[in-house]
Amino acid sequence: MSRADLSFAYAQSRLQARLGARPAAADWQQLEATRDLGALLQVLRGGPLAHWTARLPARAGLHEIERQLRDEWRHTVAEVADWQPAHWREATLWMRWISYLPALQKLARGGRAPAWMRADPVLGPIVAREPRERIAALAGTPLAPLATGFVVPPDVARGWALHWQSLWPAAPAARAPLVKLLATMRAHRARLAGAPAGATSRDSLQSLERELERILRRNPLSPAATAAYLCLTMLELQRLRGLLAVRSMRDAALVAA
């Protein structure tokens, strides 16, 4: 358990309020039982996840949905960063790029970028004509520290984590729960990568959620509480993304039939 830092008192009160408003199991069950995208969006707008989809049209395409969710994630992280004491604001803001790591990993591997990446406001400036130019393209963006992940073999998530760690507090007591959190996320990533084809990730995600909640409870008034809260929020967003993506693709297939 980290030592309480009273400069996090305001952030802690806001986090607790948000935690109390998280969707319950019954909310997820209702969403999962809703088969049509338009109906799903209607249910969402009356529930605790409304802020993620408020600007989505009823017949949004898959790329439009994902772009909107990435935008909302950045706005959410920026809002949470505003609650933080000055010494933890930059590290919190760095978490807004988590939703871009899978796409950036694809870019780091080389190859032609798809049209949706070229149209994305964050990825567009990075997508150079030739893969070898992408590191140079990163230099003029807030994502410049991720250049360390554009190596052989590419590992953008590791590059992200290295820079995030450079923004942590110096005190060992404050760093220890952050080390635990990062190790927990890496273990989850390794489990998913090693899972057999067709395996469900539900058990692994539930285990990760419980561990993040444990870190948050044991480290109130600390940087780790904010980081754990945002990781929980990202899990929530990924689950929602899956529901929206499946229904968007189903609707597109029906229209094409």
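Computed from Cα atoms alone, the Kirkwood hydrodynamic radius reported for the chain is 19.7 Å. Take the chain with all the other protein chains still there, run a 1.4 Å probe, and you get 51 Å² of accessible area per residue.
Per residue, the average separation of C-alpha pairs within less than 8 Å and at least 6 apart gives the chain a relative contact order of 28 percent. Multiplying the residue separation of GLU79 and ALA144 by 0.36 nm and subtracting their alpha-carbon distance yields 21.2 nm. Shown for the chain are the DSSP H helices of 30 Å or more along their axis, judged by Cα atoms, with a mean Kyte-Doolittle hydropathy of at least -1.0: 172-194, 223-256.
Once R0 is set to 51 Å, what does the formula 1/(1 + (r/R0)^6) return for the Cβ-Cβ distance between VAL151 and ALA25, expressed as a FRET efficiency to the nearest 0.05? In this case the efficiency is close to 0.75.
Excluding the site residues themselves, the longest part of the chain lacking any trypsin sites (Lys or Arg not before Pro) in a DSSP loop with at most 14 other Cβ atoms within 10 Å is 130-257.
Other residues within the sphere of radius under 15 Å centred on the Cβ of ASP36, judged by their own Cβ, net out at +3 (K and R +1, D and E -1). For the range 140-193, a Kirkwood radius taken over Cα pairs fed into Stokes-Einstein (37 °C, viscosity 0.692 mPa s) yields D = 265 µm²/s. Atom-type composition of the exposed protein surface of the chain places 56 percent of the accessible area on carbon and sulfur (1.4 angstrom probe). Taking a ≥ b ≥ c as the square roots of the eigenvalues of the alpha-carbon gyration tensor, the range 64-172 is classed oblate because a/c is 1.5 or more while a/b is no larger than b/c.
Over the range 19-153, Cα pairs under 8 Å with separation of 6+ residues give a relative contact order of 13 percent.
Convert 37 °C to kelvin, take the viscosity as 0.692 mPa s, use the Kirkwood radius over C-alpha pairs of the range 1-143 as Rh, and evaluate the Stokes-Einstein diffusion coefficient in µm²/s, rounded to a whole number. The estimated diffusion coefficient comes to 184 µm²/s.
The values are calculated or read from the model by the stated rules, or taken from the named source; none is laboratory data. Here the structure is a predicted model, which means the values were calculated and not measured. Quick reminder, even Gly has a Cβ in these numbers, built from the backbone with ideal geometry, and neighbours come from all protein chains shown. SASA here: full protein model, heavy atoms, side chains in, ligands and nucleic acids out. Shrake-Rupley method; radii C 1.70, N 1.55, O 1.52, S 1.80 Å.
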